[in-house]
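One structure below.
Please treat every number below as a calculation from the coordinates, not as lab data. Small disclaimer: the values here were computed from a predicted structure and weren't measured. A quick note on method: Cβ atoms are made from the backbone with ideal geometry, for glycine too, and the neighbour counts reach across all protein chains shown.
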Amino acid sequence: MALREIRSALVTSNPVTQQILGICSALAVSTSVATAFTMSVALTAVLCSSNVIISSIRRHIPPSVRLIVQITIIASLVIVTDQVLQAYAFELSRQLSIFVALIVTNCLVLGRAESFAIRNPVLPSLVDGFANALGYSLILLLVGTVRELLGQGTWFGITIFPLASDGGWFEPIGLMSLAPSAFFVIGFLVWFIRSWRRDLVERLPYGVRGQEAGDG
Amino acid sequence: MSDPDRRPAGFLSRSNDDPIKIFGVAIGVALICSLLVSGVTAYLRPIQEANLAAERNARMGAMLDAVPGLRDVIAESGADGLQTRMVDLDTGQFVPDANVSAFDYDTAASSEELAVSIPADRDLARLRTRPAQIPVNIVERDGELLLLVLPMRGRGYQSTIIALMALESDLRTVAALRILEQGETAGLGARIETPEWQEGWTGKQVADSNGTIVIDVVRGGAKTAFEVDGISGATITSTGVANTVRYWLGDHGFGPLIERLRAEGA
């Protein structure tokens with residue numbers, strides 16, 4: 001069951017490309033693979049522990065204050081993660097700067113707490129958190145790979161395309177280092193996934209005139 | 001997490017719509033979370049501070065290595081080789097008996113007594129305030145100044161850039177510029193942190209023969225000794241560094257100190 005969960009979160013219900021959650025941080029930290037990787041690890045830790053904690057006290061969270069309780073727990077976990085990174089992964093935390101702290105606004109964490117952990121037992125919630133974090137990490141690393149490769153000619157800091165300025169042949173694409181390119185890359189990914197798996201395309205909630213005519 | 005021990009018996013069995021339960025859960029969660037956060041922060045603080053200090057020392061070391069032969073001078077003259085002196089920026093005088101190790105730029109720049117506000121028309125570095133006194137590093141041999149290391153900071157495109165600039169004994173030639181901290185766009189503005197770009201500063205002249213600060217970062221290739229190559233695609237960051245350097249070398253920054261040292265040296 002756990003395996004199926006994880007496989008589905010990687011593609012069919014991938015949080016980024018299918019649920020369109022967590023886009024904001026995906027834009028900010030995917031300029032290089034190293035930052036994307038650290039962000040993925042940090043998010044996995046936060047998402048798993050927040051799902052577990054929220055699910056374990058789910059019977060005692062009054063519905064009227066549930067969002068406040070959830071966000072308090074998530075925010076505390078994020079601060080702890082940020083502090084741990086600053087202490088034990090100093091260089092990376094410097095590159096991620098405020099984006100670790102911004103996990104708290106990552107809709108993915110609150111989204112999974114609200115739609116899954118609050119209604120399900122601890123173990124499935126842990127699996128759900130882990131699976132979604134993996135799905136997020138996969139996309140983040142893919143986007144990071146594309147952006148770092150085309151923007152700086154490197155992958156994980158290793159030179160893949162020697163830069164023209166260092167006597168190589170590759171002229172880096174500056175746009176790839178800027179936030180909009182993450183939109184383009186994610187957009188292409190969504191397009192690719194939906195042309196490959198037609199069943200993932202949602203049915204339109206309303207008819208489009210031209211289409212209706214065509215169908216009719 | 002809902003803190004069952006300290007509540008009256010049956011707290012958890014209350015209905016979730018009961019106001020007592022609502023407040024109890026909210027307060028309990030807030031309490032436990034705040035304990036967790038403050039506990040972790042307090043526990044990790046020494047490690048984080050050690051990281052920061054190690055980083056600063058490493059950058060300072062790299063800066064000294066950038067000047068050929070400087071290590072030998074310091075080793076030769078012993079522990080006195082590299083000194084840290086507190087400078088009163090307005091007068092350019094060293095402040096005797098100042099506690100330089102306790103200096104923290106951000107605290108000083110935002111405190112009521114220690115900060116000086118920068119007039120808007122002179123605020124090239126866009127800092128609004130600066131400390132009245134800032135420690136600088138100097139390397140001397142036999143009372144003769146060999147190197148003056150000035151801390152600098154200013155706004156770039158999206159972050160505050162913190163740098164060190166070392167001036168040679170003529171107080172006009174750049175021995176090295178090192179960017180200590182920046183959060184500019186990766187791949188563009190962040191390239192100010194690459195050794196290649198920083199090396200472009202070495203040997204440049206910051207002032208002309210009248211002592212006017214003329215150094216600048218230019219687009220499309222530096223032509224004179226007063227010009228440094230900008231980074232294409234990162235004009236605002238490049239200009240930010242140039243303005244930062246010009247502000248801190250100017251008469252609202254370390255200008256009075258540089259003038260005094262030059263007058264004394266002559």
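Overview of values
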read-out	value
Dipole magnitude of the protein assembly as shown, debye to nearest 20 (Cβ charges: Lys/Arg +1, Asp/Glu -1, about Cα centre)	2300 debye
Cα-based shape type of the stretch B:143-258, given that a ≥ b ≥ c are square roots of the gyration tensor eigenvalues and the cut on a/c is 1.5	prolate
Gyration tensor (alpha-carbon) shape descriptor, the stretch A:11-111, a/c threshold 1.5	oblate
Extension reserve of the B:Asp106-B:Thr129 stretch, reckoned as 0.36 nm per residue once the Cα distance is removed	7.3 nm
R0 of 25 Å, Cβ-Cβ distance B:Ala62-B:Glu259: FRET efficiency to nearest 0.05	0.30
Most to least packed among A:16-29, A:114-127, B:102-115, A:192-205 [average Cβ atoms within 10 Å]	A:16-29, A:114-127, B:102-115, A:192-205
Residues A:Cys107 and B:Asn99, FRET efficiency given R0 of 51 Å [Cβ-Cβ distance, rounded to 0.05]	0.60
Label-point separation, B:Ala120 to B:Ala222 (7 Å along Cα→Cβ), nm	3.3 nm
Packing-based ranking, highest mean first, of A:152-159, B:37-44 given that Cβ atoms within 10 Å are counted	A:152-159, B:37-44
Orientation-averaged projected area, Cα convex hull of the protein assembly as shown (nm²)	32.4 nm²
A:Ile71-A:Phe90 pseudo-label distance in nm [points 7 Å out on the Cα-to-Cβ vector]	3.5 nm
Binned Cα-Cα distances of the stretch B:116-186, short to long, each 10 Å bin given as a whole percent	18, 39, 33, 9, 1
Charge dipole of the stretch A:65-193 about the Cα centre (unit charges at C-beta), most positive-ward option of A:Leu102, A:Ser125, A:Trp155	A:Ser125
Label zone at B:Gln158 (point 7 Å along Cα-to-Cβ), backbone N below 20 Å, the stretch A:145-174	A:145-154, A:156-157, A:172-174
Cα pair distances exceeding 20 angstrom across the stretch A:57-216, given as percent	69 percent
Top positive-direction residue, dipole computed over chain B with Cβ charges, set B:Gly211, B:Met165, B:Tyr43	B:Tyr43
Charge dipole (the stretch B:114-266, unit charges on Cβ, about Cα centre) - positive-most of B:Thr185, B:Gly250, B:Pro151	B:Thr185
Gyration tensor verdict on the stretch A:78-157 (Cα atoms; rounded if a/c is under 1.5, prolate if a/b is larger than b/c, oblate otherwise)	oblate
Inter-centroid distance (Cα atoms) of the stretch A:59-86 relative to the stretch B:21-46, Å	10 Å
Modelled FRET efficiency - R0 25 Å, B:Gln83 with B:Leu52, Cβ distances, 0.05 increments	0.70
Sorted by Cβ density within 10 Å, fewest first, the residues A:Tyr136, A:Tyr88	A:Tyr88, A:Tyr136
Test item: A:57-68 mean partner chain Cβ contacts at 10 Å	5
Chain B: C-alpha pair distances exceeding 22 Å, %	63 percent
